[in-house]
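Below is one structure, written out as structure tokens, with a few remarks after it.
The values are calculated or read from the model by the stated rules, or taken from the named source; none is laboratory data. Source: prediction; values computed, not measured. Here the Cβ is made from the backbone with ideal geometry for all residues, glycine too, and neighbour counts use every protein chain on show. Surface areas here come from the heavy atoms of the whole protein model, side chains and all, with no ligands, DNA or RNA. Shrake-Rupley method; radii C 1.70, N 1.55, O 1.52, S 1.80 Å.
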Amino acid sequence: QVQLVESGGGLVQAGGSLRLSCSASGRTFSSTAMGWFRQAPGKEREFVAAIGTSGASTYSEDSLKGRFTISRDNAKNTVYLQMNSLKPEDTAVYYCAGGPMMSTVRVRPAYWGQGTQVTVSS
């Protein structure tokens with residue numbers, strides 16, 4: 001079973017940056033597509049970005065392109081989400097997720113992390 005643990009969340013002022021990390025256990029990380037989701041207070045959980053097994057392919061929500069970038073380091077079993085130019089509306093719990101391919105990650109990931117809080121002050 002794959003376990004995912006997020007870190008890097010915190011409080012940041014609007015316009016600032018944060019990099020979230022997701023460390024994965026298990027021996028099949030390199031064959032697992034990964035993604036990030038977020039859930040703001042009073043809103044449904046929403047997709048942020050996904051990355052293929054090798055890191056060559058990525059996909060992000062149109063509204064977040066240019067600010068959020070997903071990457072991975074298979075040697076470290078870690079996925080990252082670089083967040084720049086943060087806005088108060090980015091405030092949410094951010095979740096790391098994994099699945100066999102990017103399509104399944106977007107629809108219903110097989111694995112979830114516990115989430116890390118990101119709060120952006122105005």
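Counting Lys +1, Arg +1, Asp -1, Glu -1, what net charge surrounds Met83 among other residues with beta carbon under 15 Å of its beta carbon?
Spelling it out: positives minus negatives among the neighbours equals 0.
Residues with beta-carbon under 11 Å from that of Gln39, excluding Gln39: net charge, scoring Lys, Arg +1 and Asp, Glu -1?
Residues close to Gln39 contribute a combined charge of +1.
Given C-alpha coordinates of the stretch 75-122, what is the ratio Rg to Rh with the Kirkwood estimate of Rh?
1.04
Whole-Hz Karplus ³J(HN,Hα) for the stretch 23-32, in order, using 6.51 cos²θ - 1.76 cosθ + 1.60 and θ = phi - 60°, x for Gly and Pro?
3J(HN,Hα) across the stretch 23-32, in whole Hz: 9, 10, 8, x, 9, 10, 4, 5, 9, 10.
Amide H of Ala110: which non-local residues (sequence gap of 5 or more, or other chain) have their own amide H closer than 5 Å, using H built in the peptide plane?
When sequence neighbours closer than 5 places are left aside, the close amide H contacts are Gly98, Gly99.
Rule-of-thumb check for the chain: C-alpha Rg over 2.2 N^0.38 Å?
Details: Rg = 13.3 Å, N = 122, 2.2 N^0.38 = 13.7 Å.
Normalised Cα radius of gyration, the chain: 0.97.
Determine the calculated [θ] at 222 nm for the chain from helices alone, applying -39500 (n - 2.57) to every DSSP H run no shorter than 4 residues and normalising by the residue count; nearest 500 deg cm²/dmol.
Computed mean residue ellipticity for the chain: -1000 deg cm²/dmol.
Run the reach check for Lys87 against lysines, Cα to Cα strictly under 22 Å, same-chain hits fewer than 8 apart removed. What comes back?
Within reach: Lys43, Lys65.
Ranked by accessible surface with a 1.4 Å probe, highest first, in what order do Glu44, Glu89 come?
Glu44, Glu89
With springs only between Cα atoms under 10 Å, which of Val105, Val48, Val12 fluctuates most in a Gaussian network model of the chain?
Val12
Which distance in Å, rounded to a whole number, links the C-alpha centroids of the stretch 7-74 and the stretch 80-102?
Comparing the Cα centres of the stretch 7-74 and the stretch 80-102, I get a distance of 4 Å.
Quick check for you: with a 1.4 Å probe and neighbouring chains kept, what is the accessible area per residue of the chain, in Å²?
52 Å²
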